[in-house]
Amino acid sequence: MTEEIYPMPFFVNLNVSDLAASSKFYQETLGFKNIFTMPGPGGKPALVHLRWSKYADLLISSPRDGKPVPEPRGAGVSLSFQMLERFDGSVDALAEQAKARGANILSGPLDQPWNVRELTVLDPDGYRLVFTAPLNTNLGFEEVVKRAAGGE
């Protein structure tokens, strides 16, 4: 099946040290879909467009200058993905697959006071990826804020 191409209102491009290994990790370990791979000089892949779900696109690429990816990678930044229909909405199912395939699970799955179950995974370059699923969809915003602030 061909994936829909649409204007992306927001996306992230991560520079990675091994484009082929990172592409394989995102697809086989975490279940991202490959939308396309753009060839670079000499036909070697230069950029991979991945999709978690509609409007949750991620690009990974080799550094354009050919130099190593600078350290620290992604310090202080995490990319968050809502489970939606992926893995039947189960953070635990994703965690099982990721763990079985050797992913570096930083934390979780854990229930958080802000009404989500959360899994944090590091990609091969150390970028922090957070996968979440709501715990109680019947809670209103004010109740979630109250709980997150420690009011309950």
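Kindly provide the set of residues from the range 42-88 that are within 20 Å of residue 29 (Cβ to Cβ), exposed (fewer than 14 other Cβ atoms within 10 Å of the Cβ) and among the acidic types (Asp, Glu), ordered by number.
Listed by number, the residues that qualify are 85, 88.
One line per residue, one yes/no per condition, for (1) part of a strand (DSSP E or B); (2) modelled with pLDDT of 95 or more:
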position: 22; (1), (2): no, yes
position: 27; (1), (2): no, yes
position: 42; (1), (2): no, no
position: 46; (1), (2): yes, no
position: 68; (1), (2): no, no
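Hey, could you check the range 89-123 for residues that are surrounded by fewer than 19 Cβ atoms within 10 Å (Cβ to Cβ) and of a type in the set (A, V, I, L, M) and say which is nearest to the chain's Cα centre (by Cα)?
By that ranking, first place goes to 122.
Kindly provide the set of residues from the range 93-127 that are under 22 Å from residue 143 (Cα atoms), modelled with pLDDT of 95 or more and out of contact with any strand residue (DSSP E or B) (no Cβ under 8 Å at 6 or more places or on another chain), ordered by number.
Residues satisfying the conditions do not exist here.
Take residue 133 and tell me if it is farther than 16 Å from residue 32 by Cβ, surrounded by fewer than 16 Cβ atoms within 10 Å (Cβ to Cβ) and either touching a Phe, Trp or Tyr at 6+ places or on another chain (Cβ under 7 Å) or without any contact (Cβ under 8 Å) to a residue 60 or more places away in the chain (or both).
no
Can you tell which of 98, 148 is in contact (Cβ under 8 Å) with a residue 60 or more places away in the chain and among the hydrophobic types (A, V, I, L, M, F, W, C)?
After ruling out the rest, the residue left standing is 98.
Please indicate, with yes or no, whether at least one residue in the range 20-27 is charged (D, E, K, R) and within 15 Å of the chain's Cα centre (by Cα).
Yes.
With respect to residue 24, determine if the residue is touching a helix residue (DSSP H, G or I) at 6+ places or on another chain (Cβ under 8 Å) and basic (Lys, Arg).
no
The values are calculated or read from the model by the stated rules, or taken from the named source; none is laboratory data. Because the structure is a prediction, the values reported are computed rather than measured. Here Cβ is always computed from backbone atoms with ideal geometry, including for glycine, and neighbour counts include all displayed protein chains.
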